[in-house]
Structure formats: structure tokens, C-alpha cells
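Below: one structure, written as C-alpha cells.
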Amino acid sequence: MRTALVDPDASVPLDFLQVRVRTKDGHSLTGVRVNEDAFSIQVRDLSNQFHSYWKSELTEIAKEPKRSLMPSFRNTLTPAELDDLIAYLQSLQGGK
């Protein structure tokens, strides 16, 4: 759990793919690829909203494997705060 909080990129599952898309009108979105085929791509953003694009409407599809959407808390939390957060998160699992 500590690794996931301080180095989120190290614990990214193999089937997880972060993507950044840019539309022809300049709109940009970063999220998780949900599905993709030859003509379209579907992305879930940080607020868990689903977006679907025709590839012909995009100017960029940047695939970023082994990248996590979660920020690192390495420089945000003190070691004591990190210990407290981990203890709290583990308590939510019911002692598992």
C-alpha cells in the first residue's frame, strides 16, 4: 500500500492504459482507456465519467503505459502522516 501511495506508477496493472486525447477543436482529456477499436476509443476520466470519441475527430491519442492517474504523495505527506493514512486505509478493510 505504501508503494501505491508514494510511487503509483510502480503498481499499475498490466491491462491498465492511461491515454490523453485531443479533439480537433482543442479539447484535451486524460483518463483510462476502457475500449478501443479501429474507429473509436472510449475513455473514463478522473471523475469517472465515460467519454467516447471517433478517432477521425481526434488530432492526438497519446498512450502512456505503466502510468497511474493517481498522484504521488511522497512529497505531500510526512512519514508519520503516511503511516496514519495507511493504518486508516487498512482499517477500512476490516483487518484483512
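What follows is calculated from the coordinates using simple rules that are stated; it is not laboratory data. Being a predicted model, the structure only gives us computed values, none of them experimental. Please note: Cβ atoms are built from the backbone with ideal geometry, for glycine as well, and neighbour counts cover all protein chains shown.
General remarks:
- 15 Å beta-carbon shell around residue 74, net charge (K/R +1, D/E -1): -3
- Axis angle, to the nearest 10 degrees, between helix 79-92 and the longest C-alpha principal axis of the chain: 80 degrees.
- Comparing mean-square fluctuations of 19, 34, 43 from a GNM of the chain with C-alpha springs under 10 Å, the top value falls on 34.
- Candidates 56, 68, 11, ranked by Gaussian network fluctuation over the chain, Cα under 10 Å, top entry: 56
- Max mean-square fluctuation residue, GNM over the chain, Cα-Cα springs under 10 Å, options 75, 35, 48: 75
- Of all DSSP beta bridges in the range 17-67, antiparallel share, percent nearest 5: 100
- Centre separation in Å (Cα based) which lies between the range 3-41 and the range 55-81: 9
- Around residue 63: net Lys/Arg minus Asp/Glu count, Cβ-Cβ under 14 Å: +2
- The lysine pair count for the chain, using Cα distances under 27 Å and pairs eight or more places apart or on different chains, is 5.
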